[in-house]
Amino acid sequence: MIDIMFRTVSGVWSPLALLAAAAIIIIVVYLIRSTGTKKYKKGTEQTVPFFSGGVAPEKNIHPGNLYWGFFEAMKKYYRWMVRLHTGIVNDYIYSFVLLIVIVAAVILIGGMA
Amino acid sequence: MSIKDLNRSLWAFHVNTGSCNGCDIEIVAALTPRYDVERFGIKLVGTPRHADVLLVTGPVTRDMKDKLKRVYDQTPDPKVVMCVGNCGSTGGVFYESYNLVGPVDRIVPVDVYVPGCPPRPEAIIDGVVKAWKKLEDAEAKK
């Protein structure tokens, strides 16, 4: 038998044990899933999201919409940030140089003080 | 009549198609501690996707026609439709109103009618038991 055992400072583990655990978990999940029923007819209203009887809109509410208040409050800041990100490399280099100048100035002024 | 083989709870989805809320209140009354149908596993669910029974109240107004049809289509098979109250069964006091397209059986097939204005919770529970039996028969045929 292939002996794959790794000794660490906190004990011993084997990849085979992990694979065995994964196989057991997959089997348990499969058994639980197989107890379900296949009552839904594919391609009919039965598989369409329930929207209180109305037609489900194509544009749904996404989890990201939960941050609406956050984005609304930070709108000015984001607008400013988005404007800076032009996608032009020269602009990024300029801002990088500007940042270096500011950092250097802070260091120099701080060093002289 | 006896219920033998349906070895699971019966979940119902309630659709109000223009009811005055009288029948709806009686449905809720069946869930209160006095009647407590939940002890038999009968409970209201929030989506037709989980329901075995559709409890339909109201005479079906024009706006509710498509919604009722869609909710019916979205309920998985086998399903049973219960019409609770006079309005859903015949139109009741709103019979031949210009704004109605009901009664319910003009829009979706109805399996159990529970007459009354509103029907008492005992009548609704009796209807649910009949629906349960129909569902059991439907599942046995599968």
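Suppose we keep only residues that are in a helix (DSSP H, G or I) and basic (Lys, Arg) within segment A:57-87. Which one would you say is nearest to the other protein chains (Cβ to nearest Cβ)?
Among those that are in a helix (DSSP H, G or I) and basic (Lys, Arg), it is A:Lys75.
Any residue that is among the acidic types (Asp, Glu), modelled with pLDDT of 85 or more and farther than 30 Å from B:Thr47 by Cβ - is there at least one of those in segment A:87-99?
Yes, segment A:87-99 has at least one match.
With a cut-off of at least 2 residues that are surrounded by fewer than 15 Cβ atoms within 10 Å (Cβ to Cβ) and either away from chain A (no Cβ under 14 Å) or aliphatic (A, V, I, L, M) (or both), name the helices (runs of 4 or more DSSP H) lying wholly within segment B:21-110.
B:22-31
Being surrounded by 10 or more Cβ atoms within 10 Å (Cβ to Cβ), of a type outside the set (S, T, N, Q) and over 20 Å from B:Gly46 (Cα atoms): is that true of A:Tyr40 here?
No, not satisfied.
Of all residues in segment A:37-56, count the ones that are more than 8 Å from chain B (Cβ to nearest Cβ) and outside any loop (DSSP other than H, G, I, E, B).
Qualifying residue count for the region: 1.
Among the listed residues B:Val80, B:Val93, identify the single one that is modelled with pLDDT under 95, under 17 Å from B:Pro48 (Cβ atoms) and among the aliphatic types (A, V, I, L, M).
B:Val80
Kindly provide the set of residues from segment A:27-36 that are within 14 Å of chain B (Cβ to nearest Cβ) and either polar (S, T, N, Q) or outside any loop (DSSP other than H, G, I, E, B) (or both), ordered by number.
Across segment A:27-36, the qualifying residue is only A:Thr35.
The values are calculated or read from the model by the stated rules, or taken from the named source; none is laboratory data. Values in this document were obtained by computation on a predicted structure and should not be read as measured data. Here Cβ is always computed from backbone atoms with ideal geometry, including for glycine, and neighbour counts include all displayed protein chains.
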